[in-house]
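Below: the structure, in structure tokens.
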Amino acid sequence: MVRKLVPGSLVGALVVLGATLASPAFAQSGGGCQLQGTANFSPGLTNNDQSFTYNFGGNLSGCQSSESGAPASGTVEAGKVVTDPTGEQFQEPASTGSGSCVSSTTAGTAIATWSDGTQTVLGYSTTGAAAAVHLSGTVISSVTLPAINPQPGQPTSKTITTTRYAGDSAVGLLAFQPPDPTACNGAGVTTAAISGAVGLGSP
């Protein structure tokens, strides 16, 4: 039985698919989050298999949970630059993948920041074929970000620690929506909207 349903993050969708929960167990618990965001790929995705990296940023909304007082919204990102309150910058791990616009596998680390200030760090992977991409992952304890050009006396790294939903697992389906799908036949898709539903819970 799933204890709660909230998004863990979701990045990684690399093919068009339906925006719906990927697991009947999660769906039966009656909760989840909607994810709307943008992913950026390098090099651009084409119809030919290749290795690539990507970053992602998006909003989590409409979250429902069996946990009293759980936040109903938040943000999620992977592979982005984080600016500390002091102004120092830190680099999140880049997500990696292999494949094409037609099929792909990816993996990465995503950070969800909830509206109450708590955070969830998620190690995730995706598999995609034709019109469906499945995301799965596990909440991890923390991730350490290296500093970008730290000045003398500044920290050389920053650790983001999970403070909500520790030990949970994530599952979801996302929709990959490039502004020009025909780019898959040519220069490649370098950016795309990502939307869908993601659930996070535990037995």
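Counting heavy atoms of the protein chains alone, C63 has an accessible area of about 20 Å² for a 1.4 Å probe.
Taking N as the residue count of the stretch 129-192, its C-alpha radius of gyration divided by 2.2 N^0.38 Å amounts to 1.74. I need the calculated FRET efficiency for the pair I148 and S73, taking r as the beta carbon distance and R₀ as 22 Å, to the nearest 0.05. Efficiency, rounded to the nearest 0.05: 0.15.
Please report the base-10 log of the normalised intensity I(q)/I(0) for the stretch 75-203, using a Debye sum with one equal scatterer per alpha carbon and no solvent, at each q in 0.11, 0.12, 0.22 (1/Å). Here log10 of I(q) over I(0) equals -0.47, -0.55, -1.30.
Does the stretch 38-97 classify as rounded, prolate or oblate by the C-alpha gyration tensor (a ≥ b ≥ c root eigenvalues; a/c under 1.5 gives rounded; else a/b over b/c gives prolate, otherwise oblate)?
Numbers: a/c = 3.41, a/b = 1.46, b/c = 2.33.
Cα axes put the stretch 38-97 in the oblate bin.
From the Kirkwood radius over Cα pairs of the stretch 90-136, Stokes-Einstein at 25 °C and 0.890 mPa s returns a whole-number translational diffusion coefficient of 203 µm²/s. Modelled spin labels at S136 and S66, positioned 7 Å past Cα toward Cβ, are 2.1 nm from each other.
The values are calculated or read from the model by the stated rules, or taken from the named source; none is laboratory data. A quick note: this is a predicted structure, and the numbers were derived from the prediction, not measured. Neighbour counts run over all protein chains shown; Cβ positions are idealised from the backbone, glycine included. Heavy atoms of the whole protein, side chains included, go into the accessibility calculation; ligands, DNA and RNA do not. Shrake-Rupley method; radii C 1.70, N 1.55, O 1.52, S 1.80 Å.
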